[in-house]
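Student: Here's a structure for you.
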Amino acid sequence: MKTVKVAAAVIIHGDKIFATQRGYGEFKDGWEFPGGKLEEGETSEQALVREIREELDTEIEVGDLIETVEYDYPTFHLSMDCFFCTVKSGNLVLKEHEAARWLTKEELDSVEWLPADIGLIEKLKVT
């Protein structure tokens with residue numbers, strides 16, 4: 001099974017966490033943390049800065065690694081480095097997502113998360 005290496009940004013502002021809803025592909029309408037695939041020679045942090053700039057027209061500061069999620073989807077294995085991030089500049093413009101929300105820890109269960117994100121959600125509720 002092929003492994004897909006991605007990085008995800010858990011963007012924090014005050015007591016809220018930024019969640020995005022996929023607007024395309026196999027997992028359309030599922031909720032996730034923004035980010036994307038690493039390109040050749042890129043670190044997870046570099047990939048996140050690039051992806052958030054491309055997808056959300058925003059500059060972020062990448063902070064601490066929360067965890068690396070390992071998840072088996074039916075057709076591939078996902079290895080996802082998840083980092084706490086903050087916005088340096090920009091307004092989080094949705095270019096590829098169909099919706100976004102700022103959620104408190106208590107509201108994290110109010111959206112349908114993609115399977116690989118569910119374990120991370122449980123961890124975020126207690127941090």
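We did not get these values from a lab; they are worked out from the coordinates using the rules stated. Keep in mind that what you see is a predicted model, and the values were worked out from it rather than measured. Counting neighbours? That spans all protein chains shown, and the Cβs are built from the backbone with ideal geometry, glycine included.
Student: Specify, per residue and in Å³, the volume enclosed by the convex hull of the alpha carbon atoms belonging to the range 3-125. Let's see the in-between values first.
Tutor: Working: hull volume 12.1 nm³, N = 123.
Each residue corresponds to 99 Å³ of Cα convex hull volume.
Student: Is it possible to state the helix-based mean residue ellipticity at 222 nm for the chain, with each DSSP H run of 4+ residues giving -39500 (n - 2.57), the sum divided by total residues, to the nearest 500 deg cm²/dmol? What is it? Kindly include the intermediate steps, with their values, before the conclusion.
Tutor: Details: 2 runs with 24 residues, N = 127.
My calculation for the chain gives -6000 deg cm²/dmol from helical runs alone.
Student: Still on this structure, please answer the following. Going by how many other Cβ atoms sit within 10 Å of their own, how do Leu124, Leu65, Leu78 line up, fewest first? Spell out each step's value before the answer.
Tutor: Values: Leu124 19, Leu65 13, Leu78 16.
Ordered from fewest to most neighbouring Cβ atoms within 10 Å, Leu124, Leu65, Leu78 come out as Leu65, Leu78, Leu124.
Student: Using the basic label-point model (7 angstrom from Cα toward the beta carbon), what is the Glu112 to Asn91 distance in nanometres?
Tutor: 3.0 nm
Student: Once the piece of chain linking Tyr24 and Glu61 is laid out straight, how much longer is it, given 0.36 nm per residue of separation minus the C-alpha distance between them? Walk me through the intermediate numbers first.
Tutor: Working: separation 37, 0.36 × 37 = 13.32 nm, distance 2.63 nm.
Fully extending the segment from Tyr24 to Glu61 adds 10.7 nm.
Student: Ok, one more. Can you pull out the chymotrypsin sites (Phe, Trp or Tyr not before Pro) in the range 1-62 that DSSP calls coil and that have at most 12 other Cβ atoms within 10 Å?
Tutor: Numbers: sites: Phe18, Tyr24, Phe27, Trp31; in loops: Tyr24, Phe27.
Passing both the DSSP loop test and the Cβ count: Tyr24.
Student: Cβ neighbours within 10 Å, averaged per peptide: list 56-63, 40-47 in order, most packed at the top. Write down the numbers at each step before the final one.
Tutor: Details: 56-63: 17.9, 40-47: 14.1.
Ranked from most to least packed, the peptides come out as 56-63, 40-47.
Student: Could the peptides 2-8, 93-99 be put in order, highest first, of the mean number of other beta-carbon atoms found within 10 Å of their residues? Walk me through the numbers on the way to the answer.
Tutor: Details: 2-8: 17.4, 93-99: 13.4.
Packing order, densest peptide first, comes out as 2-8, 93-99.
Student: Run through the range 6-73 and list the trypsin sites (Lys or Arg not before Pro) located in a DSSP loop whose Cβ has at most 14 other Cβ atoms within 10 Å. Intermediate values should be presented prior to the final figure.
Tutor: Working: sites: Lys16, Arg22, Lys28, Lys37, Arg50, Arg53; in loops: Lys28.
Hits after loop and neighbour filter: Lys28.
Student: Turning to a different aspect of this structure: Ordered by residue, what ³J(HN,Hα) values in Hz, to whole numbers, does the range 17-23 give under the Karplus form 6.51 cos²θ - 1.76 cosθ + 1.60, where θ = phi - 60° and Gly and Pro are x?
Tutor: Using θ = phi - 60°, the values come out as 10, 8, 10, 10, 9, 4, x Hz.
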